[in-house]
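Worksheet: the structure to be examined is printed underneath.
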Amino acid sequence: MTEHIDLLVRGGDVLTVDDAGTVVRGGAVGVRDGVIVAVGPAEELRARYTADQDIDAEGCLVLPGFVNAHTHLAMTLLRGRADDVTLQGFLERVLTWEAELLSPKNVAAAVRVAIAEGVRAGVTSALDMYWFHGAAEQAAREAGWRLHTGPTFMDVPGPADGIAYEDRLGWARQDLAARAGARPGTRPVLFAHSTYTLAPDQLTEIAALAREFGALLHLHAAENATEVATVEVRHGKRPVELLDSLGLLGPDLLLAHAVDLTGPEIAALARTGTAVAHCPVSNLKLGCGIAPVPRLLSAGVTVGLGTDGAVSSNTLDMLGAVRQAALVHKAAGDPTAVGAEQAVRMATIEGARALGLGDHLGSLEAGKRADLIVLDLNAPHLRPLHDPWSTLAYAAHSADVRDTVVDGRVLMRERALTTLDEPTVLADLEALVRGTRPEHSSAALV
Ligand SMILES: [Zn+2]
């Protein structure tokens with residue numbers, strides 16, 4: 001008697017990304033009700049299970065889907081409109097455009113493009129900080145994609161969603177209260193933009209709300225020296241020092257970037273269990289510097305990997321971020337800094353841990369949600385396969401991802417999206433961009 005399951009991904013090498021780094025040659029993954037029920041040799045699982053659907057992964061690599069630990073998905077709308085500028089110049093431009101362009105409808109259209117791009121790149125979930133998160137959530141739900149999002153706080157004049165700061169706490173509370181029994185494999189999230197767009201008392205009240213609901217709190221911190229200097233002039237403390245003095249560091253806080261850190265700040269992150277989302281492509285492009293990831297890792301800080309939005313990194317390509325993470329830290333002269341396996345772990349299990357979801361996502365182990373990808377090795381640049389970590393970090397491209405599964409549902413099969421009508425998704429965004437493009441040329445704005 002065989003047991004009935006929904007999906008069997010069989011053949012190929014399964015890179016489980018468990019703690020031991022187990023690779024099952026000629027392996028298989030069995031899935032029922034969105035959960036991984038077994039990982040093991042393909043022959044064994046085929047004898048044990050009858051599946052409604054299967055994916056033949058012979059000649060492929062099967063691995064956990066990538067967890068994008070920091071992004072702004074709807075910024076696909078502005079891709080290519082603020083290149084080669086400083087972070088501060090970038091923010092000035094983007095905030096103005098956002099105020100003009102954003103609406104729930106436009107955010108949903110831009111997020112659908114981001115999800116299509118993400119599914120193609122093997123990204124199975126993302127932590128998405130942006131205006132109109134409800135519209136993004138709706139788009140993700142319709143596409144079957146896993147989105148970690150929630151209300152964002154940023155005390156700027158004329159916020160894009162029109163909700164003034166003083167009304168945001170009540171609005172966020174209602175949002176969190178409505179999330180009881182949310183989709184498995186995600187958790188409530190609050191976003192506090194940064195220590196330079198929110199005052200210390202605002203940060204404290206947002207964090208208190210997050211704690212009340214067991215939510216993850218996510219903010220940008222120490223992205224570059226100018227930000228650090230601004231916060232220091234204003235509050236007499238650097239961003240991480242300020243967060244520490246307010247008692248906000250801890251395992252439910254995730255910092256994006258963390259580029260400009262002192263030794264004592266790294267020690268404080270390690271001591272409090274505060275995690276970091278490393279965004280090497282965005283940091284390089286905005287000239288922010290190189291985050292001290294080798295020092296964070298040796299101090300024991302959990303480091304996930306993010307692309308940041310498509311304005312500052314231009315793509316949501318997590319394998320591209322993996323490669324940058326595995327290369328950029330070697331520039332100081334140490335080729336052992338951030339190895340291939342470490343970089344791939346940051347994009348998978350460590351990203352899941354950074355979000356506080358390490359028990360549910362990030363590796364292929366029985367009991368975890370079935371978020372997995374199949375990467376086609378039938379290409380000259382991927383042969384021979386001596387070491388899957390090396391192949392992924394130094395040779396593979398996102399276009400090598402052939403199949404993407406989220407929560408046991410196949411969202412891309414043989415490179416065809418199954419839940420999004422890609423031509424329509426792209427046409428909708430093009431129409432929207434044409435309709436909102438200012439009279440004067442975009443070149444004049446940049
Ligand atoms: Zn960001």
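The values are calculated or read from the model by the stated rules, or taken from the named source; none is laboratory data. Because the structure is a prediction, the values reported are computed rather than measured. Note that each Cβ is placed from the backbone with ideal geometry, even for glycine, and that neighbours are counted across all protein chains shown. These accessible areas exclude ligands, DNA and RNA; they are computed on the full protein's heavy atoms, side chains included. Shrake-Rupley method; radii C 1.70, N 1.55, O 1.52, S 1.80 Å.
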Study note, to complete from the structure: The condition from (1) in contact (Cβ under 8 Å) with a residue 60 or more places away in the chain; (2) within 16 Å of V94 (Cβ to Cβ); (3) open to solvent by 20 Å² or more (accessible area, probe 1.4 Å) that P184 misses is numbered (2)
Check your understanding: Quick one: which of A20, A51 is hydrophobic (A, V, I, L, M, F, W, C) and in contact (Cβ under 8 Å) with a residue 40 or more places away in the chain?
Key -> A51
**Study point:** Qualifying positions in the stretch 258-284 - within 16 Å of the ligand (Cβ to nearest atom) and open to solvent by 10 Å² or more (accessible area, probe 1.4 Å)
**Key:** V259, D260, V281, L284
**Study point:** Cross-chain or 6+ apart pairs with Cβ under 7 Å, the stretch 89-106 first and touching a residue at least 60 places away in the same chain (Cβ under 8 Å), then among the hydroxyl-bearing types (S, T, Y) and assigned to a helix (DSSP H, G or I)
**Key:** L101/T436
Review point. Considering only the stretch 285-334, how many residues are over 12 Å from N68 (Cβ atoms) and within 14 Å of the ligand (Cβ to nearest atom)?
Key: 7
Exercise for review: Return only the number of the condition from (1) out of contact with any helix residue (DSSP H, G or I) (no Cβ under 8 Å at 6 or more places or on another chain); (2) away from the ligand (no atom under 16 Å from the Cβ); (3) at negative phi that F213 does not satisfy.
Suggested key: (1)
Study note, to complete from the structure: Okay, helices (runs of 4 or more DSSP H) sitting entirely in the stretch 246-336 with 1 or more residues that are farther than 28 Å from T76 by Cβ and in contact with a Leu (Cβ under 6 Å, 6 or more places away or on another chain), I get 263-272
Exercise for review: Identify all residues within the stretch 334-357 that are open to solvent by less than 20 Å² (accessible area, probe 1.4 Å) and free of Cβ contacts under 8 Å to residues at least 60 places away in the same chain; write none if there are none.
Suggested key: A337, V338, A340, A343
Review point. Among the residues of the stretch 81-88, is any open to solvent by less than 10 Å² (accessible area, probe 1.4 Å), of a type in the set (A, V, I, L, M) and closer than 30 Å to A222 by Cβ?
Key: yes
Check your understanding: Does D407 satisfy the criteria of being touching a Ser or Thr at 6+ places or on another chain (Cβ under 9 Å) and modelled with pLDDT of 95 or more?
Key -> yes
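With open to solvent by 40 Å² or more (accessible area, probe 1.4 Å) and without any contact (Cβ under 8 Å) to a residue 12 or more places away in the chain as the only criterion, which of G162, G158 stands out?
G162
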